[in-house]
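If you scroll down you'll find the structure; I have some questions about it.
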Amino acid sequence: MAIYTNIFRSFLFKSRFVLREVLDYHNNEIEDNKKTIMMNRIREKGSSIFLNGKVKITHPEMVSLGDNIHIGDNAYIHSDGGLIIGDNTHISRNLVIYTSSHEYNGDAIPYNNERIYKSVCIERNVWIGMNVCICPGVTIGEGAIIGLGCVVSKDVPPYSIVGNAPQRILKDRDIDSYNKNKERQRFGGVNGKPVSLESSYDVMHLEHQPFFIVGTGRSGSETISKILSQHPNVTCRHEPKGRLIKLSTEYAQGSISKERVKQELVNLYSQVSVVTTDFYGESDQKYSNLISILFEIFPKSKFIWLIREAKPTITSMYSRGWFCDREYGYRIRKDKCIPALNTGRNYTIGRLDGSKIEGVNLTENEWKEMTPFERNCWYWSYWNSVIETQFQSLPNESKLFIRLEDINDKINVILEFLSLPNFEFQVLRSNQAQYQLLGNWTIEDEEAYKKWCQEKMTIWYDNNFTIYNCELQ
């Protein structure tokens with residue numbers, strides 16, 4: 001009997017380790033699945049990205065990652081304010097990054113439920129040690145080294161080596177050695193071993209400057225990006241930069257300067273290598289008020305104004321809950337609002353408020369009293385007018401006006417405008433999710449449409465309409 005007891009005890013002893021291995025394998029598989037889902041939500045990313053252990057990114061759609069990125073175990077990244085991590089950046093364990101903070105001067109103690117958003121930019125070729133905390137609004141310059149345990153609460157100049165308590169620059173890197181390695185494309189991968197990267201580029205260094213497709217949203221921008229991306233020489237991404245959601249609105253409402261917007265756009269385009277084709281473009285409604293700034297950054301860039309008839313556009317926007325009372329914290333008028341949709345807090349707080357825009361003659365109370373349907377009518381008219389105004393300053397060769405209803409007949413026009421070789425495209429339709437659609441319009445809805453959209457529809461859908469000869473015939 002004792003023999004069997006000893007055998008059983010031995011079996012139990014060994015089983016502990018087998019069970020531990022099984023549990024570890026299962027837990028690792030779950031964690032890997034989580035990371036895969038999280039990475040798929042990051043819209044703009046390069047190649048050779050390694051998450052070495054448990055990594056939590058709260059808002060993946062607000063993150064841009066370059067090539068050859070390594071992030072160590074137990075990283076927590078609160079990215080709702082926007083985060084850029086440039087090429088060849090290596091980060092050790094226990095990283096903490098915050099891109100927003102609580103509002104402690106609000107209407108509650110110690111703080112209320114509002115947040116203050118400040119984006120973080122980590123430029124190329126940065127090395128960050130273990131147990132580093134990075135505060136909202138910080139930019140870490142190219143080639144910097146952040147030492148063990150630092151709390152980075154202010155900008156770090158390029159090539160600096162930073163120590164802790166308090167944050168201070170210890171010295172600079174050997175710039176000559178740094179530049180030689182950079183010119184030779186000698187970058188370290190896992191454990192610093194030389195890595196061979198794909199031939200990808202940041203947008204600032206493309207031979208052909210980018211093109212941008214602007215509009216109101218719900219106007220075919222995703223469809224056209226997928227159509228153009230069929231071309232072997234083209235990458236066209238739809239809304240890849242989550243930071244634009246708030247950046248565009250902040251600029252429209254005067255809470256951020258033109259200089260700050262321009263710098264953030266330069267950071268977004270210069271620090272991550274994500275382009276592998278000769279031609280690159282993006283379609284995003286949030287570029288519509290940034291056209292003049294983008295043209296300053298890319299003086300040979302091109303812009304396509306994609307417009308859709310007002311009625312189907314407004315119906316689609318309203319049916320998705322855009323400009324609903326709940327987005328502004330107003331009392332919800334159940335007979336005026338579509339049931340809540342999971343559009344995400346970033347989109348909600350990035351929604352325009354017409355009463356906060358300079359030059360728009362709407363008081364706070366007038367905006368509040370407008371129905372959500374009327375706010376969508378206002379937006380269609382206003383946002384397209386913003387595009388039209390900015391197009392006036394663009395040279396003819398840099399702008400094109402396209403109606404969504406004509407897109408099948410205008411594909412060759414778009415190819416010619418972008419200087420692309422001919423290609424046989426397959427026409428697609430995107431983003432056809434089913435939402436509660438608006439039935440027959442009420443008299444109130446019709447009046448809102450007439451007030452904000454009817455005159456503009458007459459102008460923009462006149463067959464003779466051109467915008468300073470921007471429409472190629």
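The values are calculated or read from the model by the stated rules, or taken from the named source; none is laboratory data. Everything numeric here is computed off the predicted structure, so don't read it as measured data. Quick reminder, even Gly has a Cβ in these numbers, built from the backbone with ideal geometry, and neighbours come from all protein chains shown.
Looking at 366, 358, 296, 327, which is the one that is outside any helix (DSSP H, G or I) and acidic (Asp, Glu)?
358
Got at least one residue in the stretch 144-157 being of a type in the set (Ser, Thr, Tyr) and either surrounded by 13 or more Cβ atoms within 10 Å (Cβ to Cβ) or assigned to a loop (DSSP other than H, G, I, E, B) (or both)?
So far as the stretch 144-157 goes, yes, one or more of its residues are of a type in the set (Ser, Thr, Tyr) and either surrounded by 13 or more Cβ atoms within 10 Å (Cβ to Cβ) or assigned to a loop (DSSP other than H, G, I, E, B) (or both).
With a cut-off of at least 3 residues that are surrounded by fewer than 24 Cβ atoms within 10 Å (Cβ to Cβ) and not β-branched (Val, Ile, Thr), name the strands (runs of 3 or more DSSP E) lying wholly within the stretch 58-97.
In the stretch 58-97, 75-78 are the strands (runs of 3 or more DSSP E) which contain 3 or more residues that are surrounded by fewer than 24 Cβ atoms within 10 Å (Cβ to Cβ) and not β-branched (Val, Ile, Thr).
Every residue in the stretch 95-117 that is small (Gly, Ala, Ser) and either under 20 Å from residue 151 (Cβ atoms) or not assigned by the TED database to the domain that holds residue 137 (or both), please.
100, 101
Also, quick follow-up: Which of the residues that make up the stretch 100-125 are within 22 Å of the chain's Cα centre (by Cα) and aliphatic (A, V, I, L, M)?
Answer for the stretch 100-125, where residues must be within 22 Å of the chain's Cα centre (by Cα) and aliphatic (A, V, I, L, M): 116, 120, 122.
Which of the following residues is surrounded by 16 or more Cβ atoms within 10 Å (Cβ to Cβ), among the acidic types (Asp, Glu), touching a residue at least 12 places away in the same chain (Cβ under 8 Å) and closer than 27 Å to residue 290 by Cα: 358, 327?
The match here is 327.
All but one of (1) at pLDDT 90 or above; (2) surrounded by 14 or more Cβ atoms within 10 Å (Cβ to Cβ); (3) closer than 27 Å to residue 336 by Cβ hold for residue 413; which doesn't?
Residue 413 satisfies all of (1) at pLDDT 90 or above; (2) surrounded by 14 or more Cβ atoms within 10 Å (Cβ to Cβ); (3) closer than 27 Å to residue 336 by Cβ except (3).
Looking at (1) at pLDDT 95 or above; (2) charged (D, E, K, R); (3) farther than 30 Å from residue 277 by Cα, which is the only condition residue 61 fails?
Among (1) at pLDDT 95 or above; (2) charged (D, E, K, R); (3) farther than 30 Å from residue 277 by Cα, the lone unmet condition for residue 61 is (3).
Could you list all residues from the stretch 67-101 that are under 23 Å from residue 248 (Cβ atoms) and polar (S, T, N, Q)?
The answer is 79, 99, 100, 101.
Are there any strands (runs of 3 or more DSSP E) wholly within the stretch 167-256 with 3 or more residues that are free of Cβ contacts under 8 Å to residues at least 40 places away in the same chain and not assigned by the TED database to the domain that holds residue 376, and if so which?
In the stretch 167-256, 168-172 are the strands (runs of 3 or more DSSP E) which contain 3 or more residues that are free of Cβ contacts under 8 Å to residues at least 40 places away in the same chain and not assigned by the TED database to the domain that holds residue 376.
Name the single residue, out of those in the stretch 152-180 being more than 30 Å from the chain's Cα centre (by Cα) and among the small types (Gly, Ala, Ser), that is farthest from residue 131 (Cα to Cα).
Here the answer is 177.
Name, by its number, the condition in (1) at pLDDT below 95; (2) within 29 Å of residue 60 (Cα to Cα) that does not hold for residue 336.
Only one criterion is unmet by residue 336, namely (2).
Being touching a His at 6+ places or on another chain (Cβ under 7 Å) and surrounded by 18 or more Cβ atoms within 10 Å (Cβ to Cβ) narrows it down to one of 376, 346, 384, so name that one.
Checking each option against the conditions leaves just 346.
Return yes or no: is residue 304 within 23 Å of residue 264 (Cα to Cα) and either of a type in the set (A, V, I, L, M) or in a loop (DSSP other than H, G, I, E, B) (or both)?
Answer is yes for this residue.
Here's a follow-up. Name the pairs: first residue in the stretch 405-420 and outside the structural domain of residue 304 (by the TED database), second residue among the basic types (Lys, Arg) and loosely packed, with under 14 Cβ neighbours inside 10 Å, Cβ to Cβ under 9 Å, at least 6 apart or on different chains?
Hits for this filter: zero, empty list.
Matching residues to (1) more than 22 Å from residue 61 (Cβ to Cβ); (2) not aromatic (Phe, Trp, Tyr):
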| position | (1), (2) |
| --- | --- |
| 294 | no, yes |
| 302 | yes, yes |
| 321 | no, yes |
| 346 | no, yes |
| 357 | yes, yes |
| 375 | yes, yes |
| 378 | yes, no |
| 386 | yes, yes |
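Among (1) of a type outside the set (D, E, K, R); (2) in a loop (DSSP other than H, G, I, E, B); (3) closer than 25 Å to residue 251 by Cα; (4) modelled with pLDDT of 95 or more, which single condition is residue 121 missing?
(2)
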